[in-house]
Amino acid sequence: MASGTIRYWAAAKAAAGTAEEPYEAASLGEALDAARRRHAGSAEFAAVLARCAFLVDGAQVGGREHASVPLTEGGTVEVLPPFAGGAG
């Protein structure tokens, strides 16, 4: 299990209601699942997240399974909606 920061940009930031929050997870999939639970009251959050691209410690995740992307201690996950540079 690693601890780090999730940073939300543009529409993801608006849907989350925050620019960043901590994660405690072993993989990107675990971190995103926890974020979905944390923001379960925002229907918009799940919809925006489904359209986003992700960077983990500056590296593009691309089409990899989120469960297979490991997170690092002190790392950063960038959540990028399409108009902020994410995938459409």
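The values are calculated or read from the model by the stated rules, or taken from the named source; none is laboratory data. Please read all numbers here as calculations on a predicted model, not as lab measurements. With ideal geometry, Cβ positions are generated from the backbone for all residues, glycine too; neighbour counts draw on all protein chains shown. In case anyone asks, the SASA skips ligands and DNA or RNA and just uses the protein heavy atoms, side chains included. Shrake-Rupley method; radii C 1.70, N 1.55, O 1.52, S 1.80 Å.
Overview of values
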{"read-out": "Selected residue (criterion: most open to solvent (accessible area, probe 1.4 Å)) from residues of the range 48-76 that are without any contact (Cβ under 8 Å) to a residue 12 or more places away in the chain and on the phi < 0 side of the Ramachandran plot", "value": "60"}
{"read-out": "Hits in the range 36-46 (condition: over 17 Å from residue 5 (Cα atoms) and either in contact (Cβ under 8 Å) with a residue 24 or more places away in the chain or charged (D, E, K, R) (or both))", "value": "42, 44, 45"}
{"read-out": "Enumeration of residues in the range 60-71 that are within 19 Å of residue 8 (Cβ to Cβ), more than 11 Å from the chain's Cα centre (by Cα) and not hydrophobic (A, V, I, L, M, F, W, C)", "value": "60"}
{"read-out": "Residue satisfying all of: in the range 45-59; under 12 Å from the mean Cα position of the chain (by Cα) and in a strand (DSSP E or B); modelled with the lowest pLDDT among these", "value": "53"}
{"read-out": "Residues located in the range 1-47, provided they are under 22 Å from residue 82 (Cα atoms), crowded, with 19+ Cβ neighbours inside 10 Å and among the hydroxyl-bearing types (Ser, Thr, Tyr)", "value": "8"}
